[in-house]
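Just so it is clear, none of the values below were taken in a lab; they were calculated from the coordinates. Note that this is a predicted model, so its numbers are computed, not measured. Positions of Cβ are generated from backbone atoms using ideal geometry, with glycine treated the same way; all protein chains shown enter the neighbour counts.
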There are 2 protein chains.
Amino acid sequence: MEVLRTVAEARARSEAWRCEGLSVGLVPTMGALHEGHLSLVRRAREECDRTVVSIFVNPLQFAPGEDSRARVAGLDEVLEGECRPGHFEGVATVVLKLFNAVRPRRAYFGQKDGQQARLVGRLARDLDTGVEVVVCATVREPDGLALSSRNAYLRGPERAAARCLVRALTAANARWLGGERDAAALARAMREVLAAEPLASVDYAAVVDEQSFRGPGRLAVVAVRIGRTRLIDNHPLGEPLPV
Amino acid sequence: MEVLRTVAEARARSEAWRCEGLSVGLVPTMGALHEGHLSLVRRAREECDRTVVSIFVNPLQFAPGEDSRARVAGLDEVLEGECRPGHFEGVATVVLKLFNAVRPRRAYFGQKDGQQARLVGRLARDLDTGVEVVVCATVREPDGLALSSRNAYLRGPERAAARCLVRALTAANARWLGGERDAAALARAMREVLAAEPLASVDYAAVVDEQSFRGPGRLAVVAVRIGRTRLIDNHPLGEPLPV
């Protein structure tokens, strides 16, 4: 393993690899690495000759004096985009900077942050980056909780309460497998589960299209605050939820 | 000369050149080539091993279904940005697509479109494109009119009337060389010249900072409609205006 500390180093190293005919995979992270990130790294190592893992944490997203931004109209307006104004513009811009520095053949994102993965995929295509965005299945704890760096913030009974997200997805999945196709009924099933958890405060629970993240569709999405920790999860209805 | 018709071809050819250790220069154009474009091509050929001239004309700027955009905050709000809402977002996005396809070492823009050149330079830096933006001096007709594809639209007496832009810049330059430093007085000198031309309708005439395109500064900028043709020009005050 080699540590690259500057954009210039990353650019030079990646270019040298490409010129040797080696394909480069990128796994963008914000640190706090967990098994979910490692699943992305394993997939990248399977599919690419060289894998770059970036660690970039900047609470302000941008240094002073940097005014350029990228946005992905439509996808950045709903659900996560609505709950976190400016969030996806920051994501799109940082991802573009990473793509420009590393110029990978493929970049790996987790299905847990499904809307982000879709948005980055569209950005990569629209701006002719030449990067293929690969979305990898969510990795879960044995009790079903989706892995997230934020899980570390859960205190005492909050950890058990956080299971309500996957329980809600499971309830919607059971209805779907039972033949229910009405998005409102499926969302109601999720909200009933979430309402039964006193530590949970729901941001959204919906069934949307996997491309547009607007309804109707077959992707169940949920965002919940457990105490001060905001968690998200999603599941393509009809597929097994291994809990 | 070789004609590349797809993004994939441009990407592959440019990558092959880079891997041979050859530097690539890019001259983005919208066609309607004139001597100003050729001055950019000559400069690129002097400084780079290979030169790519792109011709991309799309009145809609984007194909349907492409939602990703880039913008450069601040610079896209004043003068040209104010007169042409959305224009610079379109420019920034198309330039980013060209940069991603060709991945040049340097890209060449004309000082005539000074605000665009400055905006692209900031975009290139902020997004870690690795592209050096080179700004080349404005090429002028013998009577001082800045070369522009739009000059072809000037009909009959409009061609002579269009000289009012460079006459206005010359008037501001004369005041500056005479010691005048008050931006309002310099702008007034320009407006007096423009007001004397009956075919001219002024969008703006100002003296601004070369980086921010806000006042005060030493860059005289002017935008004027001659009949249905909108023309722009600018001059760094204190430097000779070869008319």
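Tabulated data
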item: Additional length obtainable on full extension of the chain from residue A:16 to residue A:141, 0.36 nm per residue less Cα span; result: 41.1 nm
item: P(r) of the stretch A:92-145 over all Cα-Cα pairs, binned every 10 Å from zero, in whole percent; result: 24, 50, 17, 8, 0
item: Per-selection Kirkwood Rh - the protein assembly as shown (Cα, Å, 1 d.p.); result: 25.4 Å
item: Antiparallel %, DSSP beta bridges [both residues in the protein assembly as shown], to 5; result: 60 percent
item: For residue B:150, label point 7 Å along C-beta direction: distances to other copies, nm; result: 4.8
item: Calculated FRET efficiency for the pair residue A:152/residue A:3, C-beta based, R₀ 35 Å, to 0.05; result: 0.90
item: Sequence of A:14, A:201, B:68 once ranked by neighbouring C-beta atoms within 10 Å, starting from the fewest; result: A:201, A:14, B:68
item: Selection from A:21, A:131, A:32, by position along the positive dipole direction of the stretch A:7-136 (Cβ); result: A:21
item: Residue-span extension gain [residue B:23 to residue B:73] - 0.36 nm each, minus C-alpha spacing; result: 14.9 nm
item: Copy-to-copy label separations for residue A:125, where each label sits 7 Å from Cα toward Cβ, in nm and ascending; result: 3.5
item: Estimated translational D of the stretch B:157-243 in µm²/s (Stokes, Kirkwood radius over Cα pairs; 10 °C; 1.306 mPa s); result: 125 µm²/s
item: Cβ charges +1 (Lys, Arg) and -1 (Asp, Glu), total dipole of the stretch B:149-236, debye; result: 280 debye
item: Semi-axis lengths (Å, descending) of the ellipsoid that matches the C-alpha gyration tensor of the stretch A:48-153; result: 22, 19, 15
item: Other-copy label distances relative to residue B:83, 7 angstrom Cα-Cβ extension, nm; result: 4.6
item: Check: chain B dipole with +1 on Lys, Arg Cβ and -1 on Asp, Glu Cβ, in debye; result: 280 debye
item: Residue-averaged 222 nm ellipticity for chain A, from DSSP H runs of 4+ at -39500 (n - 2.57), nearest 500; result: -11500 deg cm²/dmol
item: Partner chain coverage, peptide A:127-135 - average Cβ within 10 angstrom; result: 4
item: Test item: Cα-centred dipole of the stretch B:7-136, Lys/Arg +1 and Asp/Glu -1 on Cβ, debye; result: 320 debye
item: Within a Gaussian network of chain A (alpha carbon springs, distance under 10 Å), most fluctuating of A:103, A:188, A:13; result: A:13
item: 22 Å Cα-Cα reach of residue A:97 towards lysines, excluding residues that sit fewer than 8 places from it in its own chain; result: B:97
item: Distant alpha-carbon pairs in chain A (separation over 21 angstrom), percent; result: 60 percent
item: Residue A:214 versus residue A:188: modelled label distance in nm, points set 7 Å from Cα along the beta carbon direction; result: 2.5 nm
